[in-house]
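Each reported figure results from applying straightforward, stated rules to the coordinates on display, with no laboratory input. Since the model is a prediction, treat every value here as computed from it, not as a measurement. Note that we place each Cβ from the backbone using ideal geometry, even for glycine, and neighbour counts take in every protein chain shown.
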Amino acid sequence: MITSGTFSLDGGTWEVDNNVWVVGDDDEALVIDAAHDADAITAAVGDRRLTAIVCTHAHNDHINAAPDVAARTGAPILLHLDDRILWKATHPERTPDGYLSDRRRLTVAGTELVVLHTPGHAPGAISLHAPDLNTVFTGDTLFAGGPGATGRSYSSFPTIIRSVRDELLTLPPETCVRPGHGETTTIAAEAPHLQDWINRGY
């Protein structure tokens, strides 16, 4: 589903549309990036048991609805430890319920999601690889057209290129890339122009 709101960092604010991914079956679900609209997200989940709210990173547009969704559903909020400073900028009074680490495995409705630490856009940015779904949820690490932005605080272009090289381009070429904004793509479609950056020494 797509929700709309604002992204704010470093003194600027921009209107954005966010992809909110719901993974599950008729009985249980997991939400990736609870952005902007708790009403819409909980409506999408419906009467299913929500097992977790996973944050691909802690920029405000990806986490601003997370506490509200958690309060309504009882689901834990999970975030990589390295993004605590960004989380606190948005939710100083509420801490995540658990911290994610590289290669941790989450299971929902019999489907395994593997946490890949993919820093660069943010220090604690993660992607979630679902091999059985032939899918990787990349947050703002990889979009249709290239890597995520790195021009703001706590970001690094060389780091995001290394993350893409080491963690994402090693996935099967046919893997569907489902990002935090915009259209889906595949590893095969993104590999050629990403390889250009890698060849420049990043």
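Before moving on, here are some points about what is shown:
- No other residue among Ala130, Ala144 is crowded, with 19+ Cβ neighbours inside 10 Å, on the phi < 0 side of the Ramachandran plot and of a type in the set (Gly, Ala, Ser) apart from Ala130.
- Odd one out for Ala125 among (1) surrounded by 21 or more Cβ atoms within 10 Å (Cβ to Cβ); (2) free of Cβ contacts under 8 Å to residues at least 60 places away in the same chain; (3) of a type outside the set (Ser, Thr, Tyr); (4) under 17 Å from His80 (Cβ atoms): (2)
- Pick from region 136-167, criterion closer than 21 Å to Val22 by Cα and not aromatic (Phe, Trp, Tyr), ranking: farthest from the chain's Cα centre (by Cα): Ala144
- Applying a threshold of 6 Å to beta carbon distances and a minimum spacing of six or more residues, or different chains, the list of pairs starting in region 149-160 at a residue that is touching a residue at least 12 places away in the same chain (Cβ under 8 Å) and charged (D, E, K, R) and ending at one that is assigned to a loop (DSSP other than H, G, I, E, B) and surrounded by fewer than 17 Cβ atoms within 10 Å (Cβ to Cβ) reads Arg152/Asp10.
- Residue list for region 102-120, restricted to those being over 14 Å from the mean Cα position of the chain (by Cα) and over 25 Å from Asp26 (Cα atoms): Arg103
- Taken over region 105-115, the residue count meeting the criterion of being closer than 14 Å to Cys55 by Cα and surrounded by fewer than 24 Cβ atoms within 10 Å (Cβ to Cβ) is 3.
- Counting the residues of region 17-27 that are crowded, with 18+ Cβ neighbours inside 10 Å and more than 14 Å from the chain's Cα centre (by Cα) gives 1.
- Figure legend. Inter-residue proximity from region 84-111: first residues closer than 16 Å to Ile32 by Cα and free of Cβ contacts under 8 Å to residues at least 24 places away in the same chain, second residues assigned to a loop (DSSP other than H, G, I, E, B) and small (Gly, Ala, Ser), beta-carbon distance below 9 Å, spacing 6+ or different chains. Indicated pairs: Tyr99/Gly124.
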